[in-house]
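J.: Below you will find the structure I want to go over with you.
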Amino acid sequence: MIIAIDGPAGSGKSTIARLIAKDKGLIYLDTGAMYRLVTLKALNKGILGNNDLNYLEEIKKLLDNLNIDIKENGFYLDNVDVSEEIRKPVVSENVSDVAAIREVREKMVDLQRKFSESKNVVLDGRDIGTVVFPNADLKIFLIADAKERAKRRYKELVEKGENVEIEEIYENILKRDKIDSTRKESPLKKAEDAIEVDTTSKNIEEVKNEILRMINENI
């Protein structure tokens, strides 16, 4: 069983996918975290910068020796747990640019497919229902107002002790939306057979129960 949950940054994809996986006994794969791991590696190596030829070539080289792993809900880079580090604002500000690179997407999509082979999996991301698993058993596309998404991300970061400004987060979300939806490689878009769910005025429990009903009705 493959359940695909797509949508823009802050729409609630990861939270809902985790809850659905737990409730239905599925494996959860946070594909967005995989791109964040690549971004963190690039930041650590000091190769992130302007989108020039040098920058792109360095990112491509990085993929040849990329050591990432996901185990017990933890995200590992070079055998170090970086689950908290990949959620920091500096990673969020750069991840859309990295994810737009064709070679990065090809590498991640290949890993996502290999991980999901012969398993019951729920995946969330930007292109799960359109590119990674176009034949998924159920496709959900979550949306939410940008200001509401900024509030959610702000609350999440403040609770983790981050010193952030909500206006900066809002601007970053708008920037990411534009990059994700207009990029050449696997742009963010709703699959034709995906069911759209607007989470703006709904709490987590309401969204979870709505999707659980869809699973029970459609699978």
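What follows is calculated from the coordinates using simple rules that are stated; it is not laboratory data. No experiment lies behind these values; they were computed from the predicted model shown. FYI the Cβ positions are ideal-geometry reconstructions off the backbone, even for glycines, and counts take in every protein chain you see.
J.: Select one label from [x] 53, 33, 27; [y] 50, 40, 32; [z] 51, 36, 33: the one whose number is Cα extents along the principal axes in Å as derived from the coordinates shown.
T.: Label of the calculated value: [y].
J.: Something else: What FRET efficiency would be calculated for the residue pair residue 81, residue 151, taking the C-beta separation as r and a Förster radius of 25 Å, to the nearest 0.05?
T.: Working: r = 28 Å, r/R0 = 1.14.
The formula returns an efficiency of 0.30 here.
J.: A further question follows. Can you figure out the FRET efficiency of residue 120 with residue 196, using R₀ = 22 Å and their beta-carbon distance, to the nearest 0.05? Mind dumping the intermediate values first?
T.: Working: r = 24 Å, r/R0 = 1.08.
For residue 120 and residue 196, the calculated efficiency is 0.40.
J.: Given 0.36 nm per residue, what is the gain on full extension from residue 103 to residue 47 after removing their alpha carbon distance, in nm? Please report the intermediate quantities before stating the final value.
T.: On the way: separation 56, 0.36 × 56 = 20.16 nm, distance 1.60 nm.
Gain on stretching residue 103 to residue 47: 18.6 nm.
J.: Just order 135-147, 26-38, 72-84, 178-190 by mean Cβ neighbour count inside 10 Å, highest at the front, would you?
T.: The most tightly packed comes first, giving 26-38, 135-147, 178-190, 72-84.
J.: Quick one: the Cα spread of the range 1-121 along its three principal axes, in angstroms, biggest first?
T.: Largest first, the range 1-121 extends 45, 28, 26 Å along its Cα principal axes.
J.: Next question. At what distance in nm do the modelled label points of residue 162 and residue 209 sit from each other, each positioned 7 Å from its Cα along Cα→Cβ?
T.: In this crude spin-label approximation the distance works out to 3.0 nm.
J.: Now for a separate question. In deg cm²/dmol and to the nearest 500, what is the mean residue ellipticity at 222 nm of the chain if only DSSP H runs of at least 4 residues count, each as -39500 (n - 2.57), divided by the residue total? Walk me through the intermediate numbers first.
T.: Details: 8 runs with 110 residues, N = 219.
Computed mean residue ellipticity for the chain: -16000 deg cm²/dmol.
J.: I'd like to know how the range 110-180 sits against the 2.2 N^0.38 Å rule of thumb: what's its Cα Rg over that expected value? Let's see the in-between values first.
T.: Working: Rg = 15.7 Å, N = 71, 2.2 N^0.38 = 11.1 Å.
Rounded to two decimals, the normalised Rg is 1.42.
J.: Strictly over 32 Å apart at the Cα level, which of 61/147; 24/175; 60/155; 107/189 would you flag in this model? Intermediate values should be presented prior to the final figure.
T.: Numbers: 61/147 37 Å; 24/175 34 Å; 60/155 35 Å; 107/189 20 Å.
61/147; 24/175; 60/155, as the Cα separations exceed 32 Å there.
J.: If you look at just the Cα atoms of the range 150-196, how large are its Rg and its Dmax in Å?
T.: Spelled out, the Cα radius of gyration and Dmax of the range 150-196 are 14.1, 40 Å.
J.: Starting from the Cα-Cα distance between residue 57 and residue 179, subtract it from 0.36 nm times their residue separation and give me the gain in nm to one decimal.
T.: On the way: separation 122, 0.36 × 122 = 43.92 nm, distance 2.00 nm.
So the chain would gain 41.9 nm between residue 57 and residue 179.
J.: What's the Kirkwood radius of the range 1-56 in Å, using all Cα pairs?
T.: On the way: mean 1/r = 0.0739 Å⁻¹.
Kirkwood hydrodynamic radius for the range 1-56: 13.5 Å.
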